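J.: Starting off with a structure, shown below.
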Amino acid sequence: FFKQKTAYEITYGDWSSDVCSSDLNKDNNNLMQLASGALEPLGFEVLEVQVQNMGGQPIVLVRIDRLDEQPVTVDDLARASRAAEAEFDRVDPIAGEYRLEFESPGGKRPLLRARHFERMLGLKVRVRGDGHSFTAPLTSVDGDRVTFTVNGEPVTLTAGTFQANLAEFPDRHR
């Protein structure tokens, strides 16, 4: 008896409008650890896990990237889905039925670590948190220090202390 249906697709949606509470954040962190444990040995990085409940069956969305930084393929999504599904079935982290879905990072990819920012140098990034809210070009990365040009002035933040997503689609895979 499986508690979820598994689907996978490449989408380019924006998850920034989801509502989060402290319990939901805790649950998302647990789901993130569970998904990461199943997928990192296969060469995938889990960028985000979010639970959405739009008035019906909950959907667990897992956004992945490849550790070798190559584009995520439909075959990658299928392989990740099978591996995570087995682990989610074993642990049974959510009561009742839910749908488990996988997505590639897409054009509005989250930027979480310094290496994510390094790959996107020169592109516009939407930044929220750590006392800031702006969209600006990413101009440099030095260790964990990330610099943007906001209204002609440099603004330097520490990766991991704020939320950042690409604000423009790159002209090629990065």
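The values are calculated or read from the model by the stated rules, or taken from the named source; none is laboratory data. Everything numeric here is computed off the predicted structure, so don't read it as measured data. Ideal geometry is used to build each Cβ from the backbone, glycine not excepted, and the neighbour counts take in all protein chains shown. These area figures cover heavy atoms from the full protein model, side chains too; ligands, DNA and RNA do not enter into them. Shrake-Rupley method; radii C 1.70, N 1.55, O 1.52, S 1.80 Å.
J.: Run the dipole for the stretch 96-169 about the Cα centre, Lys and Arg Cβ at +1, Asp and Glu Cβ at -1, nothing else charged, and hand back the magnitude in debye, nearest 20.
T.: Numbers: 10 positive and 9 negative charges, 18 e Å.
Its charge dipole is roughly 80 debye.
J.: Further question on the same structure: Taking a ≥ b ≥ c as the square roots of the Cα gyration tensor eigenvalues, with a/c under 1.5 meaning rounded and otherwise prolate when a/b beats b/c, else oblate, which class fits the stretch 105-174?
T.: Rounded shape, in that the Cα axes give a/c under 1.5.
J.: Would you kindly find the accessible area of residue 171, with a 1.4 Å probe and non-protein molecules such as ligands, DNA and RNA excluded, rounding to the nearest 10 Å²?
T.: 130 Å²
J.: Charges only on Cβ, +1 for Lys and Arg, -1 for Asp and Glu: so what's the dipole of the stretch 42-174 about the Cα centre, in debye to the nearest 20?
T.: Here the size comes out at about 360 debye.
J.: A follow-up question, please. Assign one of three labels to the stretch 53-174, namely rounded, prolate or oblate, based on the Cα gyration tensor with a ≥ b ≥ c the square roots of its eigenvalues; rounded applies when a/c is under 1.5, prolate when it is not and a/b is larger than b/c, and oblate otherwise.
T.: prolate
J.: For the stretch 30-78 and the stretch 85-140, write down the distance between their C-alpha centroids in whole Å.
T.: The distance from the Cα centre of the stretch 30-78 to that of the stretch 85-140 comes to 10 Å.
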